[in-house]
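Note sheet for the following structure.
The values are calculated or read from the model by the stated rules, or taken from the named source; none is laboratory data. Treat the numbers as computed from the prediction; the structure is a model and nothing was measured. Every residue, glycine as well, gets a Cβ built from its backbone with ideal geometry; the counts of neighbours run over all protein chains shown. These area figures cover heavy atoms from the full protein model, side chains too; ligands, DNA and RNA do not enter into them. Shrake-Rupley method; radii C 1.70, N 1.55, O 1.52, S 1.80 Å.
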Amino acid sequence: MNPRYKTAFIVLALAIAGGCVFLFNSFYRDAKNVAIAKLNQQQLIHAREVALGIEDFFGTWIRSLSSLSQLDVIIVGNAVGKRYQQLYYEAHREQIMAITRLDERGVIVDSYPARDEVGTDLSQQKHIRELLRDHRAVVSNVFKTIDGIDAVALHVPLFRDGEFKGSIGILINFEDLARRYLDPIRVSQTGYAWVIDHDGTVLYTPNQAYIGKTIFAVMKGNEALEAIVKDMLDGHEGVARYGYDKLVDRNVGPATKYVAYMPVRLGPTFWSICVASAEQDVFADLITFRNKLAVVIGGLFVCGMVFATLGAKAWLIVTEEEKRRLAEEKLRESEARFRTVADTAPVMIWMSDTDKLCCFFNQGWLQFTGRTLDQELGNGWSEGVHAEDLERCHKVYTTSFDARDSFRMEYRLRRKDGSYGWVLDTGTPRFSADNVFLGYIGSCIDISDRKASELEAQRHRAQLAHLSRVALMGEMSASLAHELNQPLTGIVSNSAAGRRLIDAARATLPELRELLTDINADGRRASEVVRGIRSMVKKGEPTRQQMNVNDIVTSVVKIVHADAVLRACQVQISLEADLPRIDGDPVQLQQVLLNLVLNGFDAMSDTPVDLRKVMIATESNGDRTIRVSVRDHGSGIPEPLRERLFAPFFTTKTEGLGMGLAIVRSIIESHGGMIEAENAAGGGALFHFTLSVHAPVSETRVERAALASR
């Protein structure tokens, strides 16, 4: 292009642009002024409607209470008057929270329904001071009740023969009042209302932190707002504008607001309501006008460049179309590569959409289940999940999906031959490059062999624990024989005595009844000893049940009683009452305590007889765990050996196998607890373990996990 024409074109374009900018500013300024006037008018209408509504609300109650205050029974405050007050409250309980009668000193002489407030002196409260001073109806500031409810009090004076006799008042739920008159105020996007009393105390604002503070403290240092508030406190109405960059001591950035305010006349006093909106609301109403004006300016400016614009647009369309085609080809290639990799992967792979329904399964999955892709899509695949695993796994999956968290779970899935195999399923959320959630992708591996190994290990541990219990009973055989011999000797002696009495023809019914009672008691005692031995040595799968730990301690004390006597040891117990129940295996927990108590007996073999004491204590830790401790008065634990105490095959006994404490730790950990050992103050060893009130199932138990719906 010729440089001269080029310069002329630029000058013309600048002239047109300058004229358009001038017109734009002129029209936009006029439109903005109209919008501001419209906003102020709307806010003033809202303020007037709310002011009239609140005035009518309180005026109605003042007239109602004034009528009530004319009754002599109310002024005198006799039983009839109190009954009238109660009936008044019952008739208006949906609108008021309480009705109160004050005497001329400001002391509550009757209140309903809160009778316990009678005698309370309210004379120091601001509105009561005004009532006692001016003898006129008063409305309190907003305050918090004991129940945490925002409320206002309205009191009307009582007179008898011209003499002030106190007041009758009601408590009004300010939150209901605000919801009825103030919360509905919505002007544009940011408009809201706030209310102050005649002293400038904030009674209502959407920001609860400012309620109860003086408006001057909230907008400290803002001269424009202070001038508005002073005009409000003079009881005037009007519209105004102010700017601010701080609220209290918090920086909020420069902002401008338009306000309309109006007094709310409440008898001899008044509140003032202000409706405020941000300047951005004015701009929001001008967006359409501004956009149209911008289109006109753009049209004028672009007219001379139409051919260049059309050419550029055509070039952009061709370029974007080429980019879209290339992107689609790359996407198809990427999907094809993913399917190839997924189908050849040695794991089962699945994908789900944002609706939790599955949209893809690889060949590994289909070969495992023996079903087609159409059968598995959506929720169809869940037909292969074991019925016992569906519910818990559904909870795991949906919780993780809703939280966008990864998860791992194990469940049983039906193979193509109809049998079930254990799989480990790992899922993770998928996101696009711009962090948009796309669903989940997961992989499963067959862990049936690992599960079989875990079951076998569990059986071995159960057998080892059983052998340990049998060994314990073997160690206690002498004491148990002694314990069993005593009731059997008593049975033989009593039966022989009865026989002699019968042979001598001197037997009487009372004597025989007494002998039979003794024989029955000895038999029950022998039966309890045998039952305890049988429960310890019988084989069987661990069974969990609800129990009290104190019962376990008591049963163990009975079992070791004879052994304690033979070894000249004392067993003392300190049991906390009302312990919460736990979920556990009583036989296994008995085995734990037997091991620890018998170890304590062994440790005190060289201790003087009068010091041979084993203390068993239980207590609640307060964190939903129970602590059980066993303390002996032996030689204690050598410091170098403390770290190895619970290791398998480690023992300090010449004839020990070293499995007792290892089994003890295994049992406690399977109950969701932990065991520790330390030297006690004053000598001896202290073993203590904790049990959860709701102990989790041992990790050695067969887990049930699956997925009901992805």
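The table that follows gives values for the structure above.
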item	result
For region 345-445: relative contact order, % (alpha-carbon pairs under 8 angstrom, 6 or more apart)	30
Sequence-separation-based contact order of region 557-688, relative, with Cα cut under 8 Å and 6+ spacing, percent	24
Förster radius 60 Å - calculated FRET efficiency between Arg644 and Arg415 (Cβ-Cβ, nearest 0.05)	0.85
Tensor-based shape of region 345-445 (alpha-carbon gyration tensor, a/c under 1.5 rounded, otherwise prolate or oblate)	prolate
Unsatisfied cross-links (Cα-Cα over 29 Å) in the set Lys356/Lys416; Lys330/Lys395; Lys416/Lys451; Lys144/Lys220; Lys38/Lys230; Lys126/Lys220	Lys330/Lys395
Stretchable slack from Glu514 to Ser67, in nm (0.36 nm times residue separation minus alpha-carbon distance)	152.2 nm
Cα gyration tensor shape of region 547-667, rounded if a/c is under 1.5, else prolate or oblate by comparing a/b with b/c	oblate
Value in Å of the Kirkwood radius, where region 28-80 supplies the Cα pairs that are averaged	14.7
Whether region 567-614 is rounded, prolate or oblate, judged on the alpha carbon gyration tensor where a/c under 1.5 counts as rounded	oblate
Protection proxy ranking, peptides 675-681, 136-142, 152-158, average beta carbon neighbours within 10 Å, highest first	152-158, 136-142, 675-681
Packing rank of 607-618, 592-603, where each peptide gets the mean count of other beta carbons within 10 Å, highest leading	592-603, 607-618
Area of Phe646 that stays accessible when all protein chains are in place (1.4 Å probe, Å², to 10)	20
Simple label model, 7 Å out from Cα along Cβ direction - Thr344 to Ala227, nm	8.1
Proximal aspartates and glutamates relative to Lys558, as straight alpha-carbon distance under 12 Å, when same-chain residues fewer than 8 apart are discounted	Glu483, Glu528
Apportionment of accessible area to carbon and sulfur, region 345-445, percent (1.4 Å)	51
R0 of 35 Å, Cβ-Cβ distance Leu373-Arg325: FRET efficiency to nearest 0.05	0.75
Chain lengthening between Leu438 and Glu237 when straightened (0.36 nm per residue, less Cα-Cα)	66.7 nm
Accessible-area order (highest first, 1.4 angstrom probe) of the listed residues Val239, Val553	Val239, Val553
Cα-projected label distance for Tyr28 with Val318, points at 7 Å along beta-carbon direction, nm	3.7
